[in-house]
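K.L.:
The following block contains the structure, expressed as structure tokens.
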Amino acid sequence: MATVKCQNPHCDYFQKPVPQGEFCPFCGEPLGIPQPEPDLRSQPNLEPTPQSFSFFNPPTPDRSVPSPPTFVSPPTMVESKFSDRSSITLVHDCGKKFSIPERTPHKRFYIGRKGGPKMPKPEIDLTDIPHSERISRPHAHIVWDDRVNSYMFVDENSTNGSILNGQSLEPFQPYRLNNGDILELGREQKVIFTIEII
């Protein structure tokens, strides 16, 4: 005689005869078509391993998906430890040093070449260094920003641009200066300074 067996591998009656009907009375699995009784004399022991399952607490299907890439936030602005009398110096590759006196909040110190009609006139005149023709008048300014406790560098939309630690800078955008930074005015690595902050 044909028997009906539950086909749910999580059911305690998986592959075991259950009362005929549309659903397994133990797990609720649709039963489908009755199957003939197999000849157990020629079949290996197919007793299922008991599963911890109940009709009211079915197993949770595995819907695991790969984790999304971890978003690494950009570096945060860390408060500098500069003293109230800190100063900044631009050290050119040729050895010349150009210093800004002790910090003055919101005071802009312009960098460039003196001469010509363009304003404002730069406080830091780079006219006498090699390849100074690549530097605009004015080229940029440095300002102390109390909000981030740091010196900031701002390119004044110079003709040949500015590069800080290998990154091209956007005009009129402030960039933090740190001790040991490499600042390039113009292109082709002709006018390079090391930043010293003490």
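No lab work stands behind these numbers, since they all come straight from the coordinates. A quick note: this is a predicted structure, and the numbers were derived from the prediction, not measured. Glycine also receives a Cβ, built like all others from the backbone with ideal geometry; neighbour counts cover every protein chain displayed.
K.L.:
Test of the criteria: in segment 149-198, which chymotrypsin sites (Phe, Trp or Tyr not before Pro) are in a DSSP loop and have at most 15 other Cβ atoms within 10 angstrom of their Cβ? Intermediate results must be reported in sequence, preceding the final value.
P.N.:
On the way: sites: 151, 153, 172, 175, 193; in loops: 172.
Here the chymotrypsin sites (Phe, Trp or Tyr not before Pro) that fit, given the DSSP loop and packing criteria, are 172.
K.L.:
Also, quick follow-up: Most exposed first by the Cβ proxy, i.e. fewest other Cβ within 10 Å, how do 150, 132, 158 rank? If you can, show how the numbers build up before the last one.
P.N.:
Numbers: 150 23, 132 17, 158 20.
Exposure proxy ranking, most exposed first: 132, 158, 150.
K.L.:
Could you give the length gained by full extension between residue 10 and residue 106, i.e. 0.36 nm per residue of separation minus their alpha carbon distance, to one decimal place? Please list the in-between numbers first.
P.N.:
Details: separation 96, 0.36 × 96 = 34.56 nm, distance 7.21 nm.
Length gained, residue 10 through residue 106: 27.3 nm.
K.L.:
Hey, what's the Cα Rg ratio for segment 128-184 versus the globular rule of thumb, 2.2 N^0.38 Å? It would help to have the intermediate numbers written out before the result.
P.N.:
Values: Rg = 11.6 Å, N = 57, 2.2 N^0.38 = 10.2 Å.
Its radius of gyration relative to the 2.2 N^0.38 Å reference: 1.14.
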